[in-house]
């Protein structure tokens with residue numbers, strides 16, 4: 001059923017609005033499904049902007065065969081493969097590839113010296129709006145392309161960087177992950193024990209150390225010091241796509257400061273010993289899958305699926321992710337008065353700023369105690 005708004009119709013059977021715009025010079029058609037009219041109007045504005053941009057690109061004449069200046073897709077691909085790939089983790093490399101696919105869909109066929117700041121502004125704005133992305137997410141993509149331009153300027157391929165100055169982006173409110181409460185932690189671990197003993201030990205170790213999920217999964221028996229009751233975190237599991245194939249592999253820890261010894265409790269020592277077998281080699285992984293699968297370690301995907309099942313069984317808030325366990329450890333240590341440097345060393349955070357701005361959480365009880373001890377007494 002047509003509406004009073006151009007390009008917008010309403011589907012009664014599906015209870016949704018359909019935004020549909022055809023290219024004027026081709027048979028291509030862009031379509032979006034929206035739940036509300038307000039969303040449909042926003043999508044219509046975004047699609048009209050992108051289609052005008054797309055048509056201007058189609059009408060641009062150039063010769064990628066004879067010109068020495070590459071198209072955006074050629075330029076970004078070459079930049080990533082020669083300058084980026086060797087120095088970043090697989091997960092970061094995958095982010096670059098995603099970045100390439102997202103923006104080269106619109107600008108990939110244009111020579112990099114022909115793409116104006118205004119074109120970039122339209123594309124970044126449209127991508128942010130259509131995917132409801134945070135401004136920080138778009139800024140990360142913006143910086144990747146800005147660095148690509150600088151790469152070609154240094155090699156005298158081009159002279160100007162259209163991304164030399166910041167673009168205007170929609171401001172978004174960053175929703176911080178919250179930490180587990182003590183009650184939620186108890187509920188989760190109780191459900192984890194019922195689910196599987198090995199996963200109970202695994203998640204208990206997360207709650208005890210605040211380590212990143214890939215760091216714990218990459219632990220080998222040679223990293224466990226039963227005598228001194230500590231573990232050595234020196235590896236991490238990273239994942240991403242290479243040549244269209246998704247893989248997980250052992251890689252380096254996130255930062256140089258992430259290599260660290262972390263003490264563990266007597267109870268955790270006993271639990272790890274229960275997993276240990278004399279036949280295990282030092283290089284065997286502590287947490288291995290129960291059956292023969294693709295990897296010799298429990299994969300990140302399997303841990304995430306197990307976590308979701310346990311969380312749902314425990315009837316906990318769906319906003320609680322595995323990473324919230326890391327928030328729990330950081331906030332508990334800081335709220336207990338442990339100095340920032342020590343907390344940073346335990347969790348392997350890159351800087352005190354990151355630790356305090358992202359992971360430090362104050363509970364209502366903590367803030368009340370602070371006010372009662374300092375303010376309310378006067």
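The values are calculated or read from the model by the stated rules, or taken from the named source; none is laboratory data. Since the model is a prediction, treat every value here as computed from it, not as a measurement. Cβ: placed from backbone, ideal geometry, glycine included. Neighbour counts: every protein chain shown.
Can you spot a residue in region 289-296 that is more than 30 Å from residue 101 (Cα to Cα) and modelled with pLDDT of 85 or more?
Yes - at least one qualifying residue is present in region 289-296.
Kindly indicate whether residue 260 is over 17 Å from residue 248 (Cβ atoms) and modelled with pLDDT of 95 or more.
no
In region 220-238, is there at least one residue being assigned by TED's automatic domain parsing to the domain that holds residue 261 and farther than 26 Å from residue 273 by Cβ?
Yes, there is a match, as at least one residue in region 220-238 is assigned by TED's automatic domain parsing to the domain that holds residue 261 and farther than 26 Å from residue 273 by Cβ.
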